[in-house]
Each structure stands twice: as structure tokens, then as C-alpha cells.
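Participant: Got a structure for you, written out below as C-alpha cells; questions coming shortly.
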Amino acid sequence: MITVPSAPKYLCLIRDVTARLGLSVGLEEPVINMLKLAIDEACANIIRHAYKGDTGKKIRIQYRITREAFEAVIEDSGKKVTPELLQGRDLDDVRPGGLGIHFIKRAFDVVAYDEKKKKGNRLRLVKYLKEE
Amino acid sequence: MEIEIKDYKGVKVITVSGDIDMYSSPALREELIGHINTKISVMLVDFNRVSYIDSSGIATFVEALKHMKTYGGRLRLFGLPGGVKEIFGFSKLDKVFEICGDIEDAIGT
């Protein structure tokens, strides 16, 4: 588990940890790159939407890696996300923004907010790993 | 991320190195918009040393492209590493941007 301040300069640290964990269980580079990008985007969304740019808060990521799945549970104590945030923009509607959720959904098989969490958000991301 | 500006055969080339993410993209945006505000006619961006790009980096280039289109300017990207090119493709932006193989292709397009 890692806890980092809610500042963009720490996103590289989150990417690095994610990549190293992926490498340690033998994931292929393209898969690692997708997971790294997706977790980066999820944390950037927290900074942007849940914390509204406040860099003095915390983001906590708990990784659970088994032979069956790569799982990350990302928590914040900010504003509750709205379901619209999980939509993203139409990819044919070319404009800045709205891509992050597409990267998250592409990388992970399960993208689910814990609705029982009273304060803040808990996002569970699961990538099922296929047996060779 | 580092940004280097040079002129190549009379065309402005922006060379970006390292990770383009939520932390670094504001500096990149400032650089690009600075040139666009001078109504630069052609701007090339060298991606050869870009190791990573996220949605905020992509958004920066989409914004730059939209600005340049308002006055007929051309923004061309070249030297995209495989992983970066794949992200542009997934985002359906490989058909929106002029993406070239190398600097000579970008100059000659």
C-alpha cells in the first residue's frame, strides 16, 4: 500500500510503483503500460475532481496481486464523484479532456466505486490475468 | 519533462523529452500557446524522447491543434514511440493529427 500527497508531481511515483509491481509478477510491457496509465488517470481525477486541486490531501492505493488478478483500490477523502465522471466523452467528439475514464476502462475488467463509503471515494480496479 | 526549441530548415521544432503528465503538461501548454499566439504557420513536435503521455498531455495537443486551425496553422507530430502512438490511435486522434515518421517527413508533408 502506498499513500501519496494529492499533488500532480507525485503521479510519477505512483506510475513507478505500479510498473514495478507489474514487472515483479511477470506482466508484459504493453499490459503494464495500460495499468500504469489507468491508475495515473484515476489519481489525476481524484486531484482534479474530488480534491478540486487541493494538493494537501492524501491518496491511498492498495495493491493486491495474485495469479488470477491485479487489483488496485484507490481511496480519497474528497468530494463524492458523480456517475457522469465514469462516462467520458465520445471518442469521435474531438476536444480536450474526457479521455481518462476510457483509459481506465480499457485497462481494467472491473471499475467500481464503493457506494458504501461514507466520506470520500473508494475505487476498485481489477484486471484479470489470463493463465498462459 | 524537458522542452527544447530549435529551427530546422526554417520551421520551428519543439522537442519534448520525458513524461508528459498532469504535472508537466501546463509547462508544455504554455510553450505551445506562446508560439501559437504569434500565429506560427507550421509547428513540429518531436516525440522521439517522450517516454509517457496521459490524457492531460493529449488534451494539451488537442487544444493547440484547435487554436492553430482557427488561423490555418499546421501542427505536425513526428517520431512517436510505439506506446505513445498506440494511445493516440486508441483515442482516435491518429486521424485528427498530422502524424509523421521523422522530421524530414514532417517538413515535407
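The values are calculated or read from the model by the stated rules, or taken from the named source; none is laboratory data. Predicted, not measured: the structure shown is a model, and the values here were computed from it. Counting neighbours? That spans all protein chains shown, and the Cβs are built from the backbone with ideal geometry, glycine included. When the accessible area is computed, the model is the full protein with side chains, heavy atoms only, and any ligands, DNA or RNA have been set aside. Shrake-Rupley method; radii C 1.70, N 1.55, O 1.52, S 1.80 Å.
Participant: Filter the range A:1-52 down to residues that are of a type in the set (Val, Ile, Thr), free of Cβ contacts under 8 Å to residues at least 40 places away in the same chain and in contact with a Lys or Arg (Cβ under 8 Å, 6 or more places away or on another chain), then give me how many there are.
Facilitator: Here the count works out to 0.
Participant: Can you name the residue in the range B:50-65 that is small (Gly, Ala, Ser) and open to solvent by 10 Å² or more (accessible area, probe 1.4 Å) and, of all such residues, is farthest from the other protein chains (Cβ to nearest Cβ)?
Facilitator: Per the stated criteria, the residue is B:Ser51.
Participant: I've got another one for you. Mind checking whether some residue in the range A:50-60 is in contact with a strand residue (DSSP E or B) (Cβ under 8 Å, 6 or more places away or on another chain), open to solvent by 50 Å² or more (accessible area, probe 1.4 Å) and within 13 Å of chain B (Cβ to nearest Cβ)?
Facilitator: The answer is yes, given that some residue of the range A:50-60 is in contact with a strand residue (DSSP E or B) (Cβ under 8 Å, 6 or more places away or on another chain), open to solvent by 50 Å² or more (accessible area, probe 1.4 Å) and within 13 Å of chain B (Cβ to nearest Cβ).
Participant: Does B:Lys92 fit the bill of being basic (Lys, Arg) and closer than 15 Å to A:Leu99 by Cα?
Facilitator: Taking the combined requirement at face value, the residue satisfies it.
Participant: Is one or more of the residues making up the range A:84-105 open to solvent by 10 Å² or more (accessible area, probe 1.4 Å), in a loop (DSSP other than H, G, I, E, B) and touching a residue at least 24 places away in the same chain (Cβ under 8 Å)?
Facilitator: no
Participant: Name the residues in the range A:17-41 that are within 13 Å of the chain's Cα centre (by Cα) and away from chain B (no Cβ under 11 Å), would you?
Facilitator: Matches in the range A:17-41: A:Val17, A:Thr18, A:Leu35.
Participant: Quick one: B:Ile33 ticks every box in (1) more than 9 Å from every other protein chain (Cβ to nearest Cβ); (2) out of contact with any strand residue (DSSP E or B) (no Cβ under 6 Å at 6 or more places or on another chain); (3) open to solvent by 60 Å² or more (accessible area, probe 1.4 Å); (4) at pLDDT 95 or above except a single one, so which number is it?
Facilitator: (3)
Participant: Out of B:Val84, B:Val96, which single residue is open to solvent by less than 60 Å² (accessible area, probe 1.4 Å) and either part of a strand (DSSP E or B) or at pLDDT 95 or above (or both)?
Facilitator: Exactly one of B:Val84, B:Val96 is open to solvent by less than 60 Å² (accessible area, probe 1.4 Å) and either part of a strand (DSSP E or B) or at pLDDT 95 or above (or both), namely B:Val84.
Participant: Please go through the range A:40-71 and pick out each residue that is assigned to a strand (DSSP E or B) and aromatic (Phe, Trp, Tyr). Don't jump to the end; show me each part of the working.
Facilitator: Filtering the range A:40-71 down to residues assigned to a strand (DSSP E or B) leaves A:58-65, A:69-71.
Matches in the range A:40-71: A:Tyr63, A:Phe70.
Participant: So which residues in the range B:66-79 are within 14 Å of chain A (Cβ to nearest Cβ) and either among the acidic types (Asp, Glu) or in contact with a strand residue (DSSP E or B) (Cβ under 6 Å, 6 or more places away or on another chain) (or both)?
Facilitator: B:Met68, B:Leu75
Participant: Something else now. Write out, first by first residue and then by second, each pair whose Cβ atoms fall under 6 Å of each other, whose residues are 6+ apart or on separate chains, and whose first residue, in the range B:41-64, is touching a residue at least 40 places away in the same chain (Cβ under 8 Å) while the second is in a helix (DSSP H, G or I).
Facilitator: If the second residue must be in a helix (DSSP H, G or I), the pairs left are B:Leu44/B:Ala106; B:Thr60/B:Ser25; B:Thr60/B:Leu28; B:Thr60/B:Arg29.
Participant: Taking the criterion of being among the aromatic types (Phe, Trp, Tyr) and over 13 Å from the mean Cα position of the chain (by Cα), would at least one residue in the range A:51-65 satisfy it?
Facilitator: Checking the range A:51-65: at least one residue is among the aromatic types (Phe, Trp, Tyr) and over 13 Å from the mean Cα position of the chain (by Cα).
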